[in-house]
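> Take this structure first; my questions come after.
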Amino acid sequence: MKKIIGTIIKVLILLIIVVWMVMFVTDYFRAQNGEKPLVCLNEQTVVSDGTKVEAGATYYSCTSFGYKYYTYTKSGESKTGFGPSFIKNEAEKELGI
């Protein structure tokens, strides 16, 4: 009985990892095309008031399971990125978020 439960737990963990990898790869390619991720756990939009960065600069981030998609627009130029959610990107550092 313990052997069957151990096997079921291993299969479930493997299934969760595979599903996460598929989501990550799908969201990575969606980010390359400028599209939002499939699952967004936390959305954040910040518009600069002109104290640290020029007024009107906007930052949008969408955090998913361990990674985030972000778009930063400043002076008419837009940058899109995709990376780990636990590391601050250059736009967050510049805005002081």
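The values are calculated or read from the model by the stated rules, or taken from the named source; none is laboratory data. A quick note: this is a predicted structure, and the numbers were derived from the prediction, not measured. Every residue, glycine as well, gets a Cβ built from its backbone with ideal geometry; the counts of neighbours run over all protein chains shown. Note: accessible area is taken over every heavy atom of the protein model, side chains too, but ligands, DNA and RNA are not part of it. Shrake-Rupley method; radii C 1.70, N 1.55, O 1.52, S 1.80 Å.
> Filter the range 71-97 down to the residues that are open to solvent by 50 Å² or more (accessible area, probe 1.4 Å), assigned to a strand (DSSP E or B) and of a type in the set (S, T, Y) and list them by number.
If the condition is that a residue be open to solvent by 50 Å² or more (accessible area, probe 1.4 Å), assigned to a strand (DSSP E or B) and of a type in the set (S, T, Y), then S78, T80 are the ones that fit.
> For V47, only one of the following conditions fails: (1) of a type in the set (A, V, I, L, M, F, W, C); (2) closer than 24 Å to E94 by Cβ; (3) surrounded by 14 or more Cβ atoms within 10 Å (Cβ to Cβ). What is its number?
Just one mismatch for V47, condition (3).
> Another question, then. Against the condition in a strand (DSSP E or B) and either over 22 Å from W20 (Cα atoms) or not charged (D, E, K, R) (or both), how does V46 come out, does it pass?
Against the criterion (in a strand (DSSP E or B) and either over 22 Å from W20 (Cα atoms) or not charged (D, E, K, R) (or both)), V46 qualifies.
> Mind listing whichever residues of the range 50-67 are exposed (fewer than 13 other Cβ atoms within 10 Å of the Cβ) and hydrophobic (A, V, I, L, M, F, W, C)?
A55
> With the requirement that a residue be exposed (fewer than 10 other Cβ atoms within 10 Å of the Cβ) and charged (D, E, K, R), what does the range 1-25 give you?
Residues satisfying the conditions are K2, K3.
> Another question, if that's okay. Residues that are outside any strand (DSSP E or B) and at pLDDT below 90: does the range 7-15 have at least one?
Looking through the range 7-15, none of the residues is outside any strand (DSSP E or B) and at pLDDT below 90.
> Does Y28 satisfy the condition of being touching a residue at least 40 places away in the same chain (Cβ under 8 Å), surrounded by fewer than 16 Cβ atoms within 10 Å (Cβ to Cβ) and under 19 Å from E90 (Cα atoms)?
Yes; evaluated as a whole, the condition is true for this residue.
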